[in-house]
Amino acid sequence: MRAQKFTLAAVVLTAGLALTACQDDGDAASASNDSASSSASSSSDASSAEGTGGSTTSAGGSTSSKGGDASAGDDDAPGSGGGQINTGPCKTANLSFSTAHGMGEGDFMVAMKNTSDACSLKGFPGVDLKADNDGGTMSAGRTGVAPVSVVLKNGETTRFHLHYTPNNTGGSGVTITSLVVTPPNETHSKTVPVTLNLPVTDKPSGDINVDPVGTGKQ
């Protein structure tokens, strides 16, 4: 009878120990699952934070691009000048005159050098030819060449061409001793000494014409 009580007690004790072991294993498994869940959550939050940082970097790149556009706009801002020179018409008093025969027969060049601030010339000069011994005055006509705009800085030179018929008749002809030149858009003239021999013709000015300033071979 006592042996049966000991055996029953042993069975009860063994069963209790087995139940306690099962509970401990369950708690350990639960703790392990909670730890894994916490780790996964932390990893997800970190990944989300990195994604946000990437978005910020992208926004920064966009801001840099706009800054480049603003810089380009500054180059076109008023007051930049664009490399152009604002000038008024050249004055006769600020031009120095010289002459030379051209490459071809009947081609004569008159050079005008700017001795003052930058100025501009456009159009035909007025040219009167004066003969020696009070032989009178002849006015040059105009060619059909289109005028161009010429800007002269201080010390720069431009020219125009005078075309005439040289005297090849063998006679004395008419000798021109000076040109009275009026630059385009000016009312003051400059007398330039020359020596040109023209044939005597029925026309008061013969065949004499000028090109616009700055055209032809300069």
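The values are calculated or read from the model by the stated rules, or taken from the named source; none is laboratory data. The structure displayed is predicted, hence computed values, not measured ones. Here the Cβ is made from the backbone with ideal geometry for all residues, glycine too, and neighbour counts use every protein chain on show. Accessible surface areas use protein heavy atoms only, side chains included; no ligands, DNA or RNA. Shrake-Rupley method; radii C 1.70, N 1.55, O 1.52, S 1.80 Å.
Could you tell me whether the range 153-163 includes any residue that is outside any strand (DSSP E or B) and more than 16 Å from Phe97 (Cα to Cα)? Looking for residues that are outside any strand (DSSP E or B) and more than 16 Å from Phe97 (Cα to Cα), one finds none in the range 153-163, hence no. Just name the residue that is farthest from Ala93 (Cα to Cα) out of those in the range 118-133 that are open to solvent by less than 40 Å² (accessible area, probe 1.4 Å) and assigned to a strand (DSSP E or B). Ranking the qualifying residues of the range 118-133, first place goes to Ala131.
Residues are listed down the side, and each one gets a yes or a no for (1) assigned to a loop (DSSP other than H, G, I, E, B); (2) within 26 Å of Val174 (Cα to Cα); (3) at pLDDT 50 or above:
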| site | (1), (2), (3) |
| --- | --- |
| Thr52 | no, no, no |
| Ser55 | no, no, no |
| Thr63 | no, no, no |
| Ala72 | no, no, no |
| Thr99 | no, yes, yes |
| Ala111 | no, yes, yes |
| Ser116 | yes, no, yes |
| Gly135 | yes, yes, yes |
| Pro147 | yes, no, yes |
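Across the range 93-106, the qualifying residues are those that are in contact (Cβ under 8 Å) with a residue 12 or more places away in the chain and surrounded by fewer than 16 Cβ atoms within 10 Å (Cβ to Cβ), and the one among them that is farthest from the chain's Cα centre (by Cα) is Glu105. Look at Thr143 and say whether it is surrounded by fewer than 18 Cβ atoms within 10 Å (Cβ to Cβ) and out of contact with any Gly (no Cβ under 7 Å at 6 or more places or on another chain). When the stated conditions are applied, Thr143 passes them.
Taken together, the residues in the range 146-179 that are surrounded by fewer than 16 Cβ atoms within 10 Å (Cβ to Cβ) and within 26 Å of Ala118 (Cβ to Cβ) amount to 8.
For the range 175-209, the candidate set comprises residues that are in a strand (DSSP E or B) and closer than 18 Å to Thr143 by Cβ; within that set, the residue that is modelled with the lowest pLDDT is Leu198. If you go through the range 151-177 and keep only what is more than 53 Å from the chain's Cα centre (by Cα), over 18 Å from Lys130 (Cβ atoms) and not polar (S, T, N, Q), you end up with Gly170, Gly171.
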